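Notes for the one structure printed next.
Every number in this text was worked out from the coordinates using simple rules, so none of it is lab data. Treat the numbers as computed from the prediction; the structure is a model and nothing was measured. Note that each Cβ is placed from the backbone with ideal geometry, even for glycine, and that neighbours are counted across all protein chains shown.
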Amino acid sequence: MAANWRILAERAAPAECAAVVKADGYGLGAAPVASSLLRAGCRTFFVALPAEAVAVRAAVGDAPVVGVLAGYLPEVAELYRRHRLSPVLSTMEQVAAWRAHRCAVPAFIHVDTGINRLGMPPDHVEALAAQPELLAGLELALVMSHLACADEPAHALNAAQLKAFRAALAASPTPLPGCFANSSGIFLGPDYHFAMVRPGVALYGVNPTPGRPNPMRPVVTLRARILQVRQVDRGESVGYGATFVASSARKLATVAVGYADGLHRALSNRGRVACHSCLAPIVGRVSMDMITIDISELPHELARPGSEVTIIGPDYDVDAIAADAGTIGYEMLTSLGRRYQRRYHGAGAPA
Ligand SMILES: *Cc1c(COP(=O)(O)O)cnc(C)c1O
């Protein structure tokens with residue numbers, strides 16, 4: 001993950017490379033993720049919600065900026081104050097409330113340039129620039145916007161958003177520094193980099209350039225154990241709903257991982273599992289705690305009770321399992337369950 005941050009930082013330079021560690025570090029653990037990225041050189045972190053920022057602040061210490069993408073939520077004002085959180089202000093009301101909050105921490109302004117999700121319209125940025133009293137006493141770090149289609153380089157919305165963002169920044173008499181690109185946005189080229197980039201998913205090894213070779217290093221390996229091996233005869237069914245019926249005698253293994261662990265039920269009769277570089281298909285439905293895989297083609301010694309199989313790894317990566325599940329790597333990672341034994345490797349891994 002640290003290597004991925006360096007790859008992205010190098011590509012985006014001279015822009016600063018921040019890191020998005022929302023949703024518990026995309027499911028991988030906000031504290032170990034943030035402290036590892038801090039050691040790699042990252043100095044700005046973003047979370048979605050103020051409560052998520054508490055663990056990140058504890059992991060990175062006082063100096064780094066910890067931004068809250070949801071904006072300023074006055075009902076938890078105390079969290080912002082105590083943990084020195086930087087809101088990404090997305091309405092004029094939030095700007096006013098933050099000014100009243102009187103916290104000497106830099107804030108961001110979020111302008112919506114076409115995703116129509118969060119952020120103020122570009123003419124509100126103009127209004128802020130034209131009326132400096134609205135920002136009086138408020139330290140402004142950057143103006144931010146978010147791309148809707150960065151993973152589709154040919155999509156017309158990318159250039160349209162870029163144009164709108166440039167116009168919003170130019171509304172100010174003193175040029176405002178911008179922050180625009182998520183992971184995929186970094187790969188749209190230097191026009192999209194501005195003063196800061198804020199990748200998330202690419203840090204965790206998901207391909208930010210779908211359809212092209214993955215420029216990132218893999219981060220997650222997920223393994224599970226075979227509980228039992230059995231033979232089924234032609235015509236026998238497997239699992240809930242009897243959705244798989246053997247067309248010939250098959251050898252099956254039952255593996256201790258299921259949808260409660262984030263192995264989406266959509267992988268029923270679709271997903272695969274790696275056993276020493278061979279891919280064994282999931283047969284029957286994914287259940288809460290188990291899957292059944294067809295190991296008929298595997299040598300006996302590779303798949304016995306107690307053997308480990310690889311759910312996510314080099315032969316079947318997070319993008320491949322996501323595609324089989326009909327989703328994206330983001331959702332696979334953030335769905336990873338709580339009952340795995342998690343091991344962190346590398347310098348500074350937590351004990
Ligand atoms: C989640 C998010 C990011 C990170 O996006 P990735 O596609 O994971 O790189 C950046 N900016 C905003 C506003 C986000 O919500």
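Annotations for the structure displayed:
- The lone exception for Arg217 - which of (1) surrounded by 15 or more Cβ atoms within 10 Å (Cβ to Cβ); (2) within 16 Å of the ligand (Cβ to nearest atom); (3) assigned to a loop (DSSP other than H, G, I, E, B) it fails: (1)
- Which listed residue, of Ala3, Ala58, Ala9, Ala31, is among the small types (Gly, Ala, Ser), within 16 Å of the ligand (Cβ to nearest atom) and under 30 Å from Thr221 (Cβ atoms): Ala9
- Residue within segment 134-143 that is under 29 Å from the mean Cα position of the chain (by Cα), buried (at least 16 other Cβ atoms within 10 Å of the Cβ) and of a type in the set (Gly, Ala, Ser) present: yes
- From the list Met120, Met92, Met144, the one residue that fits, being under 17 Å from Phe45 (Cβ atoms) and either without any contact (Cβ under 8 Å) to a residue 60 or more places away in the chain or of a type in the set (Val, Ile, Thr) (or both), is Met144.
- Candidate set: segment 61-87, residues that are β-branched (Val, Ile, Thr) and more than 14 Å from the ligand (Cβ to nearest atom); chosen: the one farthest from Met1 (Cα to Cα): Val76
- Segment 165-207, residues that are more than 10 Å from the ligand (Cβ to nearest atom), among the hydrophobic types (A, V, I, L, M, F, W, C) and within 25 Å of Phe45 (Cα to Cα): Phe165, Ala168, Leu169, Leu176, Phe187, Leu188, Phe194, Ala195, Met196
The rows are residues; the columns are (1) out of contact with any strand residue (DSSP E or B) (no Cβ under 9 Å at 6 or more places or on another chain); (2) within 18 Å of Gly200 (Cβ to Cβ).
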residue	(1), (2)
Val66	no, yes
Leu69	no, yes
Val76	yes, no
His83	no, no
Gly119	no, yes
Leu169	no, no
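- Candidates in segment 177-197 are the residues that are out of contact with any Leu (no Cβ under 9 Å at 6 or more places or on another chain) and touching a residue at least 12 places away in the same chain (Cβ under 8 Å); of these, the one that is surrounded by the fewest Cβ atoms within 10 Å (Cβ to Cβ) is Phe187.
- Verdict on Leu135 being under 17 Å from Leu176 (Cα atoms) and of a type in the set (A, V, I, L, M): yes
- Among (1) closer than 16 Å to Lys22 by Cα; (2) touching an Asp or Glu at 6+ places or on another chain (Cβ under 9 Å); (3) surrounded by 23 or more Cβ atoms within 10 Å (Cβ to Cβ), the one test that Ser90 misses: (1)
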